[in-house]
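Working notes for the structure below.
The values are calculated or read from the model by the stated rules, or taken from the named source; none is laboratory data. Predicted model, so just to flag it, every value in this text is computed and none were measured. Cβ placement follows ideal geometry from the backbone for every residue including glycine, while neighbour counts extend to all protein chains displayed. Note: areas computed on protein heavy atoms with side chains; ligands, DNA, RNA excluded. Shrake-Rupley method; radii C 1.70, N 1.55, O 1.52, S 1.80 Å.
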Amino acid sequence: MEAFYTLQGEGVFMGHAAYFIRLGGCDVGCFWCDVKESWDKEAHPKQSISQIVKEASSFPARLVVITGGEPLMHDLEELTTALKKEGFSVHIETSGAHPLSGTLDWITLSPKRFKKPLPAIYEKAHELKMVVYTLSDLEWAQKEAKKVSDSCKLLIQPEWSKSSKNLPILIEFVKENPRWQVSLQTHKFMDIP
Ligand code: SF4
């Protein structure tokens, strides 16, 4: 769908320069999704892997974030192999609703109620990022956290439109449950993509 050089705004790698590759296509259907234009896989022009890697390599950072849409609707083997060959650390942000593919250095699993993750991804996730829209999502987040490995980072993030209402509650939640940390969509505060 698009690719751009920016800072990672969310999660454990927040603030790091990264080249984002946003793949078209998503069948998860979150009603609060802020990239609904990504949903239709056919609505975006196709690009060769060599073109994508060449463009990524023109920037100084050697960190790539593959996102979407739902990037695992695509087989990522060839793309990630080509990126690794150029020395990139390859991260992915996924709902986990499709089978894992590719050679990945960091997996951010962000489960969605609308189409739940496949069981196999939980133990592979390095970071569990739970987006909180309603307060019942907090209870669900704790259930999801039981499925990931002990080393997986736990992040709780207010959905942007509910941020001012829910953030104080998330702050108290983390104070009570210190294995968790708050993640904010800092790219929106910085006004960068
Ligand atoms: Fe949007 Fe991501 Fe949900 Fe797909 S999984 S609908 S891209 S928020």
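The residues in segment 13-34 that are under 26 Å from S58 (Cβ atoms) and open to solvent by 20 Å² or more (accessible area, probe 1.4 Å) can be counted, and the count is 7.
Looking across segment 37-55, just one residue is within 7 Å of the ligand (Cβ to nearest atom) and open to solvent by 80 Å² or more (accessible area, probe 1.4 Å), and that is W39.
For A61, the conditions (1) touching a residue at least 40 places away in the same chain (Cβ under 8 Å); (2) closer than 26 Å to E123 by Cα; (3) more than 10 Å from the ligand (Cβ to nearest atom); (4) not aromatic (F, W, Y) all hold with the exception of (2). Listed by position, the strands (runs of 3 or more DSSP E) enclosed by segment 106-193 that each have at least 2 residues that are open to solvent by 40 Å² or more (accessible area, probe 1.4 Å) are 180-182.
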